[in-house]
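*Asks:* Mind looking over this structure? Questions follow.
Every number in this text was worked out from the coordinates using simple rules, so none of it is lab data. Here the structure is a predicted model, which means the values were calculated and not measured. With ideal geometry, Cβ positions are generated from the backbone for all residues, glycine too; neighbour counts draw on all protein chains shown.
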Amino acid sequence: MDGKKKGLQFAIKRLLDILGAAGGLVLLSPLLAVVAVLVWRDLGRPILFRQVRPGRDGRPFTMYKFRTMRDIRDGRGQPLPDAERLTPIGRFLRRFSLDELPELWNVLRGDMSLVGPRPLLMEYLPRYTREQSRRHEVRPGITGLAQVQGRNALPFSKRLALDVEYVDRFSLWLDAKILWWTLVRVPLGTLFDGAGQDVRVVDDVGLHPGDERLTWELSQAGVGPGQGPDRSPSCSQPAPSSEPPYPDEERSRAA
């Protein structure tokens with residue numbers, strides 16, 4: 001696909017993102033209200049989980065989800081494993097990806113797209129190879145090629161390879177197929193991955209540094225789009241774009 005044609009497809013993709021996110025927020029507003037009440041009754045306030053993640057070109061933005069876990073810690077002040085903090089309501093929300101619905105607001109704002117590589121953690125930016133960092137050439141998505149082919153069960157090496165494959169193969173037709181696969185599988189609960197990702201099992205490329213202090217600090221500071229320090233070295237900077245608090249709640253759930 002030549003640059004002019006690809007640029008036109010990205011412009012159409014952004015228009016479809018705006019229409020899809022705005023329409024989704026309106027049509028799903030009763031469902032959003034019901035989920036918000038369920039989370040409030042189950043976990044209290046805040047209802048939303050907010051965390052800073054890297055977007056297109058690695059720029060940080062605040063991502064929103066419904067909370068699904070209690071803030072329970074051990075004697076050292078560290079959060080307990082996700083499986084011990086995930087509530088029954090939270091498990092239900094995750095099974096059908098209802099906790100992801102607030103990300104439609106991120107899509108409407110331009111932080112995310114309906115389809116694209118999932119936003120991972122800020123700590124990973126300096127650890128990507130130049131090839132892996134190409135996943136940031138496009139906006140991150142609510143769903144993506146890796147999500148419909150295994151989601152968090154995939155090892156990082158496979159997931160990052162699929163993210164780069166999406167960047168290289170991008171087309172509106174591919175987006176349509178990914179959305180279709182998502183809409184078919186989500187109601188069946190087949191994309192549910194339990195309590196979340198255990199990075200010790202799937203991190204086969206050494207991405208996770210052992211703590212998530214940077215993500216925690218940025219999330220506490222309320223860093224928004226285009227703000228905050230760029231902690232990634234020049235050798236790992238994402239390539240130029242192809243496209244014209246409860247920060248510990250999901251400590252081990254990188255996506």
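*Asks:* Does segment 89-223 classify as rounded, prolate or oblate by the C-alpha gyration tensor (a ≥ b ≥ c root eigenvalues; a/c under 1.5 gives rounded; else a/b over b/c gives prolate, otherwise oblate)?
*Replies:* Rounded shape, in that the Cα axes give a/c under 1.5.
*Asks:* Now for a different question. Just tell me which lysines come within less than 30 Å, Cα to Cα, of residue 5; anything on the same chain fewer than 8 places away is out.
*Replies:* Within the straight-line cut-off, residue 5 pairs with 13, 158, 177.
*Asks:* At q = 0.16, 0.26, 0.30 Å⁻¹, what log₁₀ I(q)/I(0) does segment 107-170 have when each alpha carbon counts as one equal point scatterer in the Debye sum?
*Replies:* Ignoring solvent entirely, the Cα scatterers give -0.46, -1.21, -1.46.
*Asks:* So between residue 174 and residue 4, what do we pick up on full extension, going 0.36 nm a residue minus the alpha carbon distance?
*Replies:* Taking residue 174 through residue 4 to full extension adds about 59.4 nm, to one decimal.
*Asks:* Under a crude label model (7 Å from the Cα following the beta-carbon direction), how far is residue 129 from residue 74 in nanometres?
*Replies:* Between residue 129 and residue 74, the label points sit 3.4 nm apart.
*Asks:* Separate question: Could you work out how far apart the two model spin labels at residue 149 and residue 165 are, taking each label as a point 7 Å from the Cα in the direction of the beta carbon, and quote it in nm?
*Replies:* Taking the simple label geometry, residue 149 and residue 165 are separated by 0.2 nm.
*Asks:* Then there's this: Once amide H atoms are placed 1.01 Å from N in the peptide plane, what residues at a sequence separation of 5 or more from residue 118, or on another chain, have their amide H within under 5 Å of its amide H?
*Replies:* 141
*Asks:* Is the C-alpha gyration tensor of segment 1-145 telling us rounded, prolate or oblate? Criteria: a/c under 1.5 is rounded; beyond that, a/b larger than b/c is prolate, otherwise oblate.
*Replies:* Oblate is the answer for segment 1-145, as a/c is 1.5 or above yet b/c matches or exceeds a/b.
*Asks:* A further question on this structure: Is segment 1-86 rounded, prolate or oblate when judged by the Cα gyration tensor, a ≥ b ≥ c being the square roots of its eigenvalues, rounded requiring a/c under 1.5 and prolate requiring a/b larger than b/c? Walk me through the numbers on the way to the answer.
*Replies:* Details: a/c = 4.02, a/b = 1.71, b/c = 2.35.
It is oblate, given that a/c is not under 1.5 and a/b is not larger than b/c.
*Asks:* Under the Karplus relation 6.51 cos²θ - 1.76 cosθ + 1.60, θ = phi - 60°, what is the ordered set of whole-Hz ³J(HN,Hα) values for segment 85-97, x standing for Gly and Pro?
*Replies:* 9, 6, 8, x, 5, x, 5, 4, 4, 5, 4, 10, 6
*Asks:* How large is the Kirkwood hydrodynamic radius of segment 32-71, in angstrom, based on all distinct alpha carbon pairs?
*Replies:* With all distinct Cα pairs of segment 32-71 included, I get 11.2 Å.
*Asks:* In terms of modelled amide H atoms, which long-range or inter-chain residues lie less than 5 Å from the amide H of residue 52?
*Replies:* When sequence neighbours closer than 5 places are left aside, the close amide H contacts are 63, 219.
*Asks:* So, one more: Would you mind working out the magnitude of the charge dipole of segment 68-143 relative to its Cα centre, with +1 at each Lys and Arg C-beta and -1 at each Asp and Glu C-beta, to the nearest 20 Debye?
*Replies:* 100 debye
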